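Okay, so here's the structure we're looking at.
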Amino acid sequence: MCGSALSALALMLGYAPAMAADASKQPLSVRNSFRVGSAGVTCTAQNAPLDARLVGMFDRSYRLSCRDAAGAVGTLIAVRRDISLGSEPSGLGGVALTCGVAGSTTIERIGAVDAVNCRDESANVSYKRYLVKRAGVTYLVEGLAGYDPALRLALASVVTDAPVPGDIRVATTEVSDTAAFARVQAGQLDRLGARDEGYLRNNSGRFAESSEFFEALASRGRSSGGVGLAEAMANQGLQQSNLGN
């Protein structure tokens with residue numbers, strides 16, 4: 001009996017590597033999640049079946065998240081209907097986008113795609129959208145402009161139904177208002193993460209961005225009864241002094 005159990009265990013252990021290898025070869029369309037890119041900031045695409053933009057049983061939606069942000073940095077849908085690049089409702093909660101004139105660009109592995117720059121006027125934050133059609137399916141990715149590499153890699157991966165390697169860096173050159181972008185990041189991070197980012201930006205001389213992180217911490221401190229409030233207010237005052245205010 002003991003020998004039979006050991007044999008069964010050995011057989012299961014022998015199957016485990018093969019099962020893991022098979023899972024890694026699965027098309028992305030049948031996975032619940034997958035990594036976006038292969039280096040830099042770790043980002044993930046997670047299946048989002050409750051997305052209100054899905055109308056058909058074969059439609060798919062993903063939420064894009066990155067390790068340095070507590071909330072979603074973008075969304076991606078693959079639907080069997082036509083989409084207006086500039087006016088399709090956003091899948092990002094609490095975001096109302098105003099988009100400019102659509103143009104085109106090239107994304108590695110999939111070629112030419114439609115592209116448009118958008119803004120959330122209330123938060124003064126820039127977003128990007130890319131759209132491409134393949135075999136009756138319309139693919140749309142949107143997200144924070146600073147995470148443009150993640151948006152491009154996610155779209156290429158879903159369109160080709162296979163992971164596309166690439167390096168993901170937060171591209172501050174894509175951000176028209178770095179302080180506003182920092183405000184969005186601060187709102188997504190937990191208290192300790194926002195504090196660390198505030199200090200990092202202070203140490204690198206990015207005082208306006210640092211101020212946004214400590215302002216977010218101060219607001220949380222007021223609503224939570226003072227957790228970290230004194231530290232946040234002191235640092236916020238320091239950043240304003242550094243800025244000459």
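The values are calculated or read from the model by the stated rules, or taken from the named source; none is laboratory data. Just so you know, these numbers come straight off a predicted model, no measurement behind them. For neighbour counting, all protein chains shown are included, and Cβ atoms are generated from backbone atoms with ideal geometry for every residue, glycine included.
Miscellaneous remarks
- The residue list THR75, THR105 contains one member that is in the same structural domain as THR160 (by TED's automatic domain parsing), polar (S, T, N, Q) and surrounded by fewer than 17 Cβ atoms within 10 Å (Cβ to Cβ), which is THR105.
- Here GLY146 meets each of (1) small (Gly, Ala, Ser); (2) modelled with pLDDT of 80 or more; (3) part of a loop (DSSP other than H, G, I, E, B); (4) within 30 Å of ALA112 (Cβ to Cβ) with one exception, condition (3).
- Of the residues making up segment 15-38, those that are more than 15 Å from the chain's Cα centre (by Cα) and either modelled with pLDDT under 85 or in a strand (DSSP E or B) (or both) number 11.
- Residue list for segment 167-205, filter: surrounded by fewer than 19 Cβ atoms within 10 Å (Cβ to Cβ), over 19 Å from the mean Cα position of the chain (by Cα) and at pLDDT 80 or above: ASP196, TYR199, LEU200, ASN203, SER204, GLY205
- Leading residue by the ranking (nearest to the chain's Cα centre (by Cα)) among those in segment 75-104 that are part of a loop (DSSP other than H, G, I, E, B) and closer than 19 Å to SER65 by Cβ: LEU92
- Residue match in segment 39-47 (condition: outside any loop (DSSP other than H, G, I, E, B), over 28 Å from ASP167 (Cα atoms), in the same structural domain as VAL137 (by TED's automatic domain parsing) and touching a residue at least 12 places away in the same chain (Cβ under 8 Å)): no
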